[in-house]
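The values are calculated or read from the model by the stated rules, or taken from the named source; none is laboratory data. Remember, predicted model here, so these are calculated numbers, not experimental data. Don't worry about glycine lacking a Cβ; one is built from the backbone with ideal geometry, like all the others, and counts go over all protein chains shown. The protein model used for the area step is the full one, side chains on, heavy atoms only, and it has no ligands, DNA or RNA in it. Shrake-Rupley method; radii C 1.70, N 1.55, O 1.52, S 1.80 Å.
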Amino acid sequence: MTATVEEQFEEVVAHDRRIEPRDWMPEAYRKTMVRQIAQHAHSEIIGMQPEGAWIARAPSLRRKAILLAKVQDEAGHGLYLYSAAETLGVDRGDLTNRLITGAQKYSSIFNYPTLSFADVGVIGWLVDGAAICNQVPLCRSSYGPYARAMVRICKEESFHQRQGYELLLTMMRGSEGQREMVQDATNRWWWPSLMMFGPPDADSPNTAQSMRWRIKRHTNDELRQRFVDMTVPQAAALGVALPDPALRWNAERGANDFGQPDWDEFKRVVGGDGPCNAQRIAHRRAAQENGAWVREAALAHAAKHPRFAPFSAPNQPDSGRPKVQSGGGLA
Ligand SMILES: [Fe+2]
Ligand SMILES: [Fe+2]
């Protein structure tokens, strides 16, 4: 008896094999993947802004070169991810529109301001550190193009985490004022970093379906715990205090107990009312408008040299879901 497409899909997922763009998939799976990959891509691109603000003010040429490379990596992450989303039949121009009109979200963490150069170090240490905890399991996502993009992204995130930590180690060996900057930045970024794992499991209704589809491997609370346990010894080695009076080792559990972030603040920031939401979107919108001539020129060039088309025009008949040619190749 031949298996139905649904059965084949379930079997591939259950055996930890990959779903590829031309495979049949349930519409709800496709929609969930588009949303997840698009939100991730938007986060990478918006995430360039808080640290990008310090490139011109970095204290040395070396720090400027490192920061420039890091911010550029984030742009690359966004581009791999928009490409992965396009394999599901959406258009990246459309996704950008959804970002700048507020129809799609990005990680709440990037709506907080960067007040000193220590923030660059703390973002590398805590924000990229939390991103690694979230993203390493995604290298085994059931959706092939996303899983493969995550392998390279994770390697680069681990460079980001180390560059941040190295900057903080240097500052902690500096003046009293520098140590205070590091502590202040840690105090401001700690709780928003814990929010990066999403709401507590009890308030995360989609987790079970995402786990069944193998697009999520661990729950929000599991990942948050892993991040806290990883970070506590790093904070001790650095000589900074984590701003949580409830934080202590629990020998029975073999893990740290810790307090909960302010989930009302999380909801406000996700809902658009964080300290920098309007500014982040305004910058992204301006970049999109200022780059219009580049996209037009690329399309005009592609029309003359179709073999080298860099991308297809939004809403053109040839954009969207990859088509299978009679020879079996992708159109
Ligand atoms: Fe990234
Ligand atoms: Fe990063």
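Per residue, the accessible area of the chain comes to 50 Å², computed with a 1.4 Å probe over protein heavy atoms only.
Restriction of the trypsin sites (Lys or Arg not before Pro) in the range 175-217 to DSSP coil positions whose beta-carbon has at most 16 other beta-carbons within 10 angstrom yields Arg217. For Glu156, what is the net charge nearby, where nearby means another residue's Cβ is under 15 Å from its Cβ and Lys, Arg count +1, Asp, Glu -1? Once all neighbours under 15 Å are counted, the net charge is -1. Among the protein heavy atoms of the chain, carbon and sulfur supply 56% of the accessible surface, probe 1.4 Å, non-protein parts ignored.
Calculated from the alpha-carbon coordinates, the chain shows an Rg and a Dmax of 21.4, 74 Å respectively. Note on Arg17 and Asn250: the extension gain reaches 80.1 nm, defined as 0.36 nm multiplied by sequence separation minus the Cα-Cα distance. Checking the Cα-Cα distances for Lys31/Lys70; Lys105/Lys267; Lys31/Lys216; Lys70/Lys155 against a 19 Å cut-off, the pairs over it are Lys31/Lys70. What net charge is computed for the residues neighbouring Ala38, neighbours being all others with C-beta under 15 Å from the C-beta of Ala38, Lys and Arg scored +1, Asp and Glu -1? Net charge in that neighbourhood comes out at +3. For the chain, modelled as a GNM whose springs connect Cα atoms under 10 angstrom apart, the maximal fluctuation among Tyr29, Tyr165, Tyr106 occurs at Tyr29.
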